[in-house]
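*Asks:* Here it is, the structure in full.
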Amino acid sequence: MNKCISREIRLRNLKWKNMLESTAEVEEDDFDGLKAAAGHSYKVTVLKEGGVIPFFRSLRANVLTVAGAFLLGAFLFYQSLFIAEVRIDGYKSISEERIRDVIAETGLYEGARRQENYETVKSALYDEFEDITWVGISEEGRLVRVSIAEASGNQEAEENDETPVDIVAKRSAMVERILPLKGNAVVQKGDYVNEGDILISGAYEYQSSDYSRGDDVFTMYSHASGQVLAKTPRRLTYYVEKNIRTMEGTGRAIRGIYLRIGDVEIDTAASFNEYVTSRRSEKTLLNTAKPVPIRLNLVKIEEVTVSQRHRDMEKVKAVVEAAVRQYAREELSGEEEILGKTVDYRESAGVIRAEVLLEVLEEIGMEREIAVEDDGKGEKTVREETEQR
């Protein structure tokens, strides 16, 4: 090393393997000087060459390999420009064949070139089918997925349905608000109801004005409807780890590629990974499904150190609050809302258990058909009075 310093020979990445052997990187112009400095006391062995000139030497020695790889890459890139499969989901009353005919006229079909956007396809579907209320088109590699939603065909039938029904409670709750659209409300705000209790009755009792039939009280039945909002309890349980594990990079990393063709996998970065702890990240360059599944990713394996610290209780509460908000977004409808919340935290081995009790304002009404006895005279009376009304 003293001789290299005196001769201004730069050594990079100098590593001592043992007392008798070391490795280093040296520029080509300094290599002869390094051998002269070593003399007969050291044996100098070239392990590998780097740089532009050795790279092109290896390319010249493997012309066929390089040419084949280039042609394969060009073929895969050209193939990725075209659609391999079109998948349609969500249709009910409209046939898939009719949908495919419409989108094919706009240039969306197997074998067609991929489009920058599919607004033309969406407009064509909206114009052709009045029942379609929403169209979503997404790409997954060379697969194009078309998702549609149709207007419900049961709405008009439900509005005209005259089947006698009551609105009953589907669970026990405290009534907060009731709005009967058709039928008689039999409960009011503040009443506690059990599952199956009648909330809005579809039965009407009236006294006939036809004196030829007497002054008997008759019952008429209707299809009750309305909205009943009530307070119901919901219990949720979340588990949060007591300790937080963090990873920090050391600055060392291995880069490579991941190539999968069918069932054959090549992972150059994983082959050289000797890190005790590491994290892996990938960036997809190519992902095709047909004619052969091919996936090509850039891979980075970074060496990291792992540390652990006790989780702050305020952070635990923030995590639980976020989980409750997520539950409200996913599980509660537009009419439902959280009126109150209590959280009980309990610690056990390794975890913190959060037991959440929510007071939710929700719709509890559901239809239940009324069993009408057919006694001949009574049924006829009901029909006549219904027609008169």
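*Asks:* To the nearest 0.05, what FRET efficiency results for residue 48 and residue 82 with a Förster distance of 51 Å applied to their C-beta separation?
*Replies:* Values: r = 41 Å, r/R0 = 0.81.
Once rounded, the FRET efficiency stands at 0.80.
*Asks:* Highest mean first, what order results for 220-233, 356-369, 289-302, 252-265 on Cβ atoms within 10 Å? Mind dumping the intermediate values first?
*Replies:* Numbers: 220-233: 19.4, 356-369: 17.5, 289-302: 15.8, 252-265: 13.4.
For the peptides 220-233, 356-369, 289-302, 252-265, the packing ranking is 220-233, 356-369, 289-302, 252-265.
*Asks:* Evaluate the distance, in nm, between pseudo-label points positioned 7 Å from the Cα of residue 29 and of residue 67 along their respective Cα→Cβ axes.
*Replies:* The two pseudo-label positions are separated by 3.7 nm.
*Asks:* Can you tell me the FRET efficiency between residue 174 and residue 89 if r is taken as the Cβ-Cβ distance and R0 is 30 Å, rounded to the nearest 0.05?
*Replies:* Efficiency computed from Cβ-Cβ geometry: 0.15.
*Asks:* Testing the spin-label approximation: label points 7 Å from Cα along Cα→Cβ at residue 339 and residue 368. State their distance in nm.
*Replies:* According to this spin-label approximation, the distance is 2.2 nm.
*Asks:* Looking at the stretch 82-198, what % of its DSSP beta bridges pair antiparallel, to the nearest 5? Provide the component values of the computation, followed by the final result.
*Replies:* Numbers: 12 of 17 bridges.
Taking every DSSP beta bridge with both residues in the stretch 82-198, the antiparallel ones total about 70 percent.
*Asks:* What is the calculated FRET efficiency for residue 143 to residue 102, with r their C-beta to C-beta distance and R₀ = 22 Å, to the nearest 0.05?
*Replies:* Calculated value: 0.70.
*Asks:* Here's a follow-up. Working from Cα positions, state the angle (0 to 90°, nearest 10) between the long axis of helix 96-105 and the longest principal axis of the chain.
*Replies:* Once rounded, one gets 50 degrees.
*Asks:* How far, in nm, would the chain grow between residue 6 and residue 246 when pulled straight, counting 0.36 nm per residue and subtracting the alpha carbon separation?
*Replies:* Values: separation 240, 0.36 × 240 = 86.40 nm, distance 4.62 nm.
Once the chain is fully extended between residue 6 and residue 246, it gains 81.8 nm.
*Asks:* Separation between the residue 328 and residue 74 pseudo-spin-labels, each 7 Å from Cα along Cα→Cβ, expressed in nm?
*Replies:* 6.0
*Asks:* Under a cut-off of 25 Å between alpha-carbon atoms, report the lysines in cross-link reach of residue 35, not counting same-chain residues fewer than 8 places apart.
*Replies:* 3, 15, 17, 43, 48
*Asks:* Go through 320-327, 89-96 and give me the packing order, highest mean Cβ count within 10 Å leading. Write out the running numbers ahead of the final one.
*Replies:* Values: 320-327: 14.4, 89-96: 12.8.
Packing order, densest peptide first, comes out as 320-327, 89-96.
*Asks:* What part of the accessible area of the chain, given as a whole %, is carbon or sulfur when the probe is 1.4 angstrom? Walk me through the numbers before you get to the answer.
*Replies:* On the way: 13290 of 26990 Å².
For the chain, the apolar C and S fraction of the accessible surface comes to 49 percent.
The values are calculated or read from the model by the stated rules, or taken from the named source; none is laboratory data. Just so you know, these numbers come straight off a predicted model, no measurement behind them. Every residue, glycine as well, gets a Cβ built from its backbone with ideal geometry; the counts of neighbours run over all protein chains shown. Just the protein is used for accessible areas: all its heavy atoms, side chains included, with ligands, DNA and RNA removed. Shrake-Rupley method; radii C 1.70, N 1.55, O 1.52, S 1.80 Å.
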